[in-house]
1. Net charge within 13 Å of residue A:69 by Cβ-Cβ distance, Lys/Arg positive one each and Asp/Glu negative one each, not counting residue A:69 itself?
2. In 10 Å bins starting at 0, how do the alpha-carbon pair distances of the stretch A:28-114 split up by percent?
3. Residue A:129 versus residue A:67, label points 7 Å from Cα toward the beta carbon: distance in nm?
4. Leaving ligands, DNA and RNA out of it, report the carbon-plus-sulfur percent of the accessible area of the stretch A:74-149 at a 1.4 Å probe.
5. Which of the residues in the stretch A:73-93 show a loss of at least 40 Å² in accessible area from their chain by itself to the complete set of protein chains, at a probe of 1.4 Å?
6. For the stretch B:146-157, just list the computed ³J(HN,Hα) in residue order, Karplus coefficients 6.51, -1.76 and 1.60, θ = phi - 60°, integers in Hz, with x standing in for Gly and Pro.
7. As an exercise, use a Förster radius of 45 Å and the Cβ-Cβ distance of residue B:31 and residue B:102 to find the FRET efficiency, rounded to the nearest 0.05.
8. For the A and B pair, go ahead and give the buried accessible area with a 1.4 Å probe, both sides summed, in Å² to 100.
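The values are calculated or read from the model by the stated rules, or taken from the named source; none is laboratory data. Quick caveat: nothing in here was measured; it's all calculated off a predicted structure. Here the Cβ positions follow ideal geometry from the backbone for every residue, glycine too, while neighbour counts run over all protein chains shown. Each accessible area value is taken on the protein alone, full model and side chains, heavy atoms only, with ligands, DNA and RNA left out. Shrake-Rupley method; radii C 1.70, N 1.55, O 1.52, S 1.80 Å.
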Amino acid sequence: MESSLELTTSLPGTSLPPLRSRIFKIIVIGDSGVGKTCLTYRFCAGKFPDKTEATIGVDFREKVIEIDGEKIKVQLWDTAGQERFRKSMVQHYYRNVHAVVFVYDVTNAASFRSLPAWIEECRQHSLGQEVPRILVGNKCDLRDAVQVSTDTAQKFADSHSMPLFETSAKNPNDNDHVEAIFMTVAHKLKSQKPLVLSQPPPGMEGTMPMRKSEEEEERNAWACSC
Amino acid sequence: MYLKKSKSVGASSPLNGIGKQDWDARRKRKVGEITQALSVTPVDVAALRRMAISEGGLLTDEIRCRVWPKLLNVNTDNLPEKPAEDIRENHKDYHQVLLDVRRSLRRFPPGMPDEQREGLQEELIDIILYVLDRNPQLHYYQGYHDIVVTFLLVLGERLATVLVEKLSTHHLRDFMDPTMDNTKHILNYLMPIIERVNPEVHDFMQQAEVGTIFALSWLITWFGHVLSDFRHVVRLYDFFLACHPLMPIYFAAVIVLHREEEVLDCECDMASVHHLLSQIPQDLPYETLISRAGDLFVQFPPSELAREAAQQHSQQTAASTFKDFELASAQQRPDSVLRRRRKDQAMAAQAQAQSQSQAMVAVRPRAKRLVRLAVMGLTVALGAAALAVVNTALEWAPKLDLQLFP
């Protein structure tokens, strides 16, 4: 199964030539309390949220970015961490996902140990290997409380061919900027080229490969950590 | 008079300052009626339910402290002692509860001193763990704390503890199963309600494949998670406590329907529609919506929603609606009620397969709507009575008939 990036057309019902802007749909998963909401908020709103609460079900945030002159909508689907929400509730949101962001809390070893279960969840939702995945260790501003070393995390990331980013949604100055992390994903997605119209007219179902990707070329660069 | 009042709410809610004097007078009268209902022996629970549903709800937290226990049929004479400390460390959900309560800052009144808030948060943890510990069949879910905090802030710790326990084993029971399958099942009633009232909105949402998760937090927190004004939250709790356990899903449908224009103007894709709907407006006309939700409950009772194939009896009124209440009161598990009803209905539907049933009218004639509204007052109160399990339907009905339209 090929991953598909979507094109949306402009407002339905207008006769103007469609304003196509691509949509990258990214799902953010990980244990409860690791900071998924803060990360997505930080990226979309540009600041650390005042107060975040437990996410119930799925929250949605969006940001329009520009890469090489192309405007792209990045949609972040921020999911509840508690396990009971996953089984019957969240699967709807795995559909047509273009990338996955796994989040753990560097000050919480249990959240790191849960990662295999999250990877397994993705597998169960039939996300193909070609769907980019990244690993984010959050809260690394809390230096004194770190329980998961960069080494350990890096090994894990390598073994799953994911890049690792350590950051702090709260204070990202010394680390990977949250913005840069999501931009990296967006660049990666942009370089993957099989495209599909998001709402093909009747009878035009199916993918329309527009350009063969340089995916092989890039895979090496992708697999190493930044 | 009841009808007239309901009708006027849509145009100008007295709560918004128009006709303030009039509202003050009615408010005073309502306080009097509530006091009267509380003072008789046995307490007039049916009247209290009507007060909780009707315009303005129970008005003050002071009144809520006295009436909510009656609505839940809770005896407040022997309140439990404060739970022992060791519940905390030993409970499997302790960490999740702690995590959720510690970050639930927004549920507390702005301006409350940190120290006081922190004390309440500790009490909140205690209540939740106390109830979970005593009822091992109940499972904590994120959002449960949003409900409990409302009871804590209105009632204080000891009273909140007993009421929350009762609520958890009844209204919230389905949400607290080991899995959320039953919760999902209840959410599945959202779209059929919307379809009956506005097929266009329904079709649009189906086409967008928006799903129903946008309403999940509404349902399982009784809107406590999404409404920032505490007064609105408690007003809704008055309503829900007085009604059938499935009323929150009707209220969710009413909110979507209230925003029909926005929905139809939205881009027809999952993300846009989910985003729009999950951002709940904070200035909803609550009294109007409450009245509409009750109206829809009567027009499309759960049993009818379950019966998708054929609506053989268009005359769904108090009697058959009452069946739902009766079942619900017997089991207090809305989901199992729905399932059982659906099974019954499926069989009935098969038998009547040939009877033509294009009858589902999207827009009912005005006059009929008003009649329905009148019935609503009756049936909602009836259902409430059934929940209280005090008397049989026949004994309640005549009494209500007299009292409903003062």
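1. Within the 13 Å Cβ shell, the charges total 0.
2. 16, 47, 30, 7, 0
3. 2.2 nm
4. Working: 1370 of 2830 Å².
Its accessible area is 48 percent carbon and sulfur atoms.
5. For the stretch A:73-93, once contacts with the other chains are taken into account, A:77, A:82, A:84, A:85, A:88, A:89, A:92, A:93 lose 40 Å² or more.
6. Working through the residues one at a time gives 5, 6, 4, 5, 4, 5, 4, 5, 7, 10, x, 4 Hz.
7. On the way: r = 38 Å, r/R0 = 0.84.
Efficiency for this residue pair is about 0.75.
8. Working: alone 12170 and 18600 Å², together 27870 Å².
About 2900 Å² of accessible surface is lost on pairing.
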